[in-house]
1. Can we say A:R305 is part of a strand (DSSP E or B) and surrounded by fewer than 18 Cβ atoms within 10 Å (Cβ to Cβ)?
2. Could you tell me whether region A:149-170 includes any residue that is touching a strand residue (DSSP E or B) at 6+ places or on another chain (Cβ under 8 Å) and farther than 30 Å from B:D14 by Cα?
3. Out of the residues in region A:207-230 meeting the condition of being loosely packed, with under 14 Cβ neighbours inside 10 Å and not in a loop (DSSP other than H, G, I, E, B), tell me which one is farthest from the other protein chains (Cβ to nearest Cβ).
4. Please enumerate the residues belonging to region A:137-155 that are of a type outside the set (G, A, S), free of Cβ contacts under 8 Å to residues at least 60 places away in the same chain and within 14 Å of chain B (Cβ to nearest Cβ).
5. Here is a check on your reading of the model: is A:Q361 touching a helix residue (DSSP H, G or I) at 6+ places or on another chain (Cβ under 8 Å) and more than 15 Å from A:A268 (Cα to Cα)?
6. Please enumerate the residues belonging to region A:323-373 that are within 22 Å of A:I227 (Cα to Cα) and exposed (fewer than 15 other Cβ atoms within 10 Å of the Cβ).
7. Hey, could you check region A:201-234 for residues that are polar (S, T, N, Q) and modelled with pLDDT under 85 and say which is nearest to B:D124 (Cα to Cα)?
8. Being more than 24 Å from A:R348 (Cβ to Cβ), surrounded by 15 or more Cβ atoms within 10 Å (Cβ to Cβ) and either polar (S, T, N, Q) or in contact (Cβ under 8 Å) with a residue 24 or more places away in the chain (or both) is true for just one of A:V236, A:V266, A:V249, A:V291. Which residue is that?
Amino acid sequence: MTAVLARQVAEAERPAARVLLADADNDRRRELAGLLDRLYQVRAVADGEAVLHEVRTSPPDLVILDLRLPGRDGVDLVKALRDAEATHLLPLILLSARADEDAALQGLDAGADDYLVTPFSEGALLTRVRARLTTARLRKQSARRVAEVSKELESFSYAISHDLRTPLRAIDGFSRTLQAAYGGDLDDQGRRYLERIRAGTQRMAELIDGLVGLSRITRATLKRERIDLGTLARRVLSGLVASEPERKVEQAVANDLVAQGDARLVVALLESLLGNAWKFSAKQPQARIEVTSEPRDGDLVFLVRDNGVGFAMDYAKKLFEPFQRLHSPSEFPGTGIGLASAHRIVTRHGGRIWAQAAPGQGATFYFTLGEPT
Amino acid sequence: MNRDQVILLVEDNDDDAELTVMAFREAKIANPVLRLEDGVEALDYLFARGKHAGRDASDKPAVVLLDLNLPRLGGLDVLEALRADEQNKHLPVVVLTSSTEDKDRLAAYRHHANSYVQKPVDYDQFVTAARQLGLYWTVLNVRPPDGW
């Protein structure tokens, strides 16, 4: 069966859509109902209260609403339908007289999808009804698909976090026991192999944690609030100082770095960027980390700058991909998840992130957090 | 303090069960560890029924270490059954699992778990966790009065 034919068959087999027609004019209601009845399951009512009753008791797929219904202002009715959870996305076509076109426009503002000014042709009505039904169906399909995908992602991430850790724990636990109980029977080489096995499992565990963290960022609900990046950055930096108190790092965090963002996610973003700045400036005798902002193209751009080892811009494209690393683990440890997380956090905010660096000249990471601050 | 009181380990994975027992031994926790493989058997044991019929049900473990993903009856269902039972509603239950997912943590506390501990992948950390768990639940923790 060709795709086109398959689609036509599917079209034919789909149960007829339910259309609710609300029109106070008896003649026109009968006429329109007759016209629509050839293609759809039609219910026709003559007043506003009946509309609200119908959408509750037998939910339609589309409503055609004459703006002049007795008992209820048409625009109010549109608002009422849009405010209710169940009819929030219900396709809504308004009918209005030429003299009432202003009301129709108000109806569009209130959330109606389309309107027709009387008199209109059969074709004008049927085309609009068909188009609105198709849009609604596609919207439903993609919402369903998004729900499916996010559910798949959730179980996938659960499997990673739970099921992959268990065998890893066995490898680490039993090689540790082997080391403790039978280490004496092994020569140096044998004991080194055991060390390598354990180091490998630890690395794998870190990667799993990183991946789980990454998928958590994707799934987290974004709660935008007023945050001060300066305060958050200072907090993250003091954590880094506490982890290596012997290091001397000059910190320059600007005041008044106010933004709208999800505090938890932005802290994770700063942990990634400042953690990198901290790590890659470790070999610098006079390490310096700067956090500041500057306006650019109408956006407020935040900067995290260090004077560490930097990197060649040839590799900048790969920076934000998971598991991509520009340094060997012996040079600088890491999983290659940090900047991927940073990228995802910024993207979830509707912002952008990019970097500027040169080998031996430090690195600067720039990001925006979407909506104007 | 009761060195004879059983630590009940409900764990379906043989490797994890053996590692947990080893970790307790290494941490010098002397209490016997009884390992059961799934939720149904755990409830049979605690309610003294099925193949554990005739056991003295008032002889309670010091603590139950409960995995969440178990065959037949899951950890949360076990918790729910225990909390609904007059004789076991105060029984100390520690959820011991690989997962750190928010939904698991939330569900465990919602079902009145006494504690939630993630099994570390690193065996040395696992031994540390076992030592702290063992000392806390067999020595430090004071149980509810008899006849509860």
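The values are calculated or read from the model by the stated rules, or taken from the named source; none is laboratory data. These numbers were taken from a predicted model, which means no experiment stands behind them. Positions of Cβ are generated from backbone atoms using ideal geometry, with glycine treated the same way; all protein chains shown enter the neighbour counts.
1. Criteria not met by A:R305.
2. For region A:149-170, residues touching a strand residue (DSSP E or B) at 6+ places or on another chain (Cβ under 8 Å) and farther than 30 Å from B:D14 by Cα: absent.
3. A:R226
4. Within region A:137-155, just A:K151 meets the criteria.
5. No.
6. Across region A:323-373, the qualifying residues are A:G350, A:E371, A:P372.
7. Of everything passing the filter in region A:201-234, A:S215 is nearest to B:D124 (Cα to Cα).
8. A:V249
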